[in-house]
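Read the figures in this text as sums done on the coordinates, not as results from a lab. These numbers were taken from a predicted model, which means no experiment stands behind them.
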Amino acid sequence: MQNHITKVMDKPEEGFVVPVDIYFNLCNIASHFIEGQQEDAHEFLRYTINALQQACLSDSQYARTTFISQVFQGCLRSRVTCLNCTEASDTYDQFMDIQLDIRVHQFSRYNNIYLLYILACIRS
């Protein structure tokens, strides 16, 4: 992972870097990942973030101070309000990523998500 990031940062003018090092080291990121096998992108992201966090820090006491935690970590507030007394109770849960349920019908203004992608590219 470090080799890949170094290549990306050293040569930004090339526009992209083929992630060969990542591909051939998938088993080091997650042992159950298999070359050529389709895997869940979110699961890959989670394993990658965890691996980067571990590489930055061995002492969990300082886990909130790493660059990785500053970029990816957040706190989700869940609020429940009592219907009887209207008292609110808050719960806070830390996360390193958050899943959003994006459904096709949310893009009903567009014929399909692919069209939305094309329009976004044209605008930029």
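If the chain linking Val80 and Glu14 were pulled fully straight, counting 0.36 nm for each residue of separation and taking away their Cα-Cα distance, it would gain 18.7 nm. Relative to the current alpha-carbon distance between Glu39 and Asp90, full extension at 0.36 nm per residue lengthens the span by 14.8 nm. Evaluating 6.51 cos²θ - 1.76 cosθ + 1.60 at θ = phi - 60° for every residue in the stretch 47-56, the Karplus couplings come out as 5, 5, 4, 4, 5, 5, 4, 5, 5, 6 Hz, glycine and proline recorded as x. For the stretch 2-72, what does the alpha-carbon gyration tensor say about shape, rounded, prolate or oblate, given a ≥ b ≥ c as the root eigenvalues, a/c under 1.5 as rounded, and a/b over b/c as prolate? In terms of gyration-tensor shape, oblate.
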